[in-house]
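Below is one structure, written out as structure tokens, with a few remarks after it.
The values are calculated or read from the model by the stated rules, or taken from the named source; none is laboratory data. Since the structure is predicted, the reported quantities are computational estimates derived from the model, not experimental observations. Every residue, glycine among them, receives a Cβ derived from its backbone with ideal geometry; neighbour counts consider all protein chains shown. Protein only, heavy atoms only, side chains kept; ligands, DNA and RNA dropped before computing areas. Shrake-Rupley method; radii C 1.70, N 1.55, O 1.52, S 1.80 Å.
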Amino acid sequence: FNNDQVAYIEEMMGKIPGMVVFPSKANYILFDAGGTGKKSADILAYAQTQGLILRGESAKYGSDGWFRVTIGSKEENEMFIKTMHEYFTK
């Protein structure tokens, strides 16, 4: 289940222009949204308004767009994807 959900999230998040998705073999996926022009603090704040709690990462390598998501249930992962696509296309 975890591997299928990781593949799903990696594929869907990879569709966001400028998003860097780091391949994962763990229970979470790391992203760098610096190329989108968004900051991790703003991404996390928006996600929280939608009922999602993401983990922020400190700025590194010239980007402050780092964050990660822990793999959840299928419904939770779909909610994450929907929320992220809403945020990055507004």
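Its relative contact order, with pairs defined as Cα atoms under 8 Å and 6+ residues apart, puts the chain at 29 percent.
Dividing the helix sum by the residues of the chain, where each DSSP H run of 4 or more adds -39500 (n - 2.57), gives a mean residue ellipticity at 222 nm of -13500 deg cm²/dmol.
Ranking 27, 12, 61 by Cα position along the charge dipole of the chain, where only Lys, Arg, Asp and Glu carry charges on their C-beta atoms, puts 61 farthest toward the positive end. Which shape class, rounded, prolate or oblate, goes with region 22-62 when its Cα gyration tensor gives a ≥ b ≥ c as root eigenvalues, a/c under 1.5 marks rounded, and past that a/b bigger than b/c marks prolate? Because a/c hits 1.5 or more and a/b fails to exceed b/c, region 22-62 counts as oblate. Computed over the alpha-carbon pairs of the chain, the distance histogram in 5 Å steps reads 3, 15, 28, 29, 19, 6, 1 percent, short to long. The chymotrypsin sites (Phe, Trp or Tyr not before Pro) of region 1-58 that meet both conditions, a loop assignment by DSSP and at most 11 other Cβ atoms within 10 Å of the site Cβ, are 1. Taking all protein chains into account, the per residue accessible area for the chain stands at 58 Å² (1.4 Å probe).
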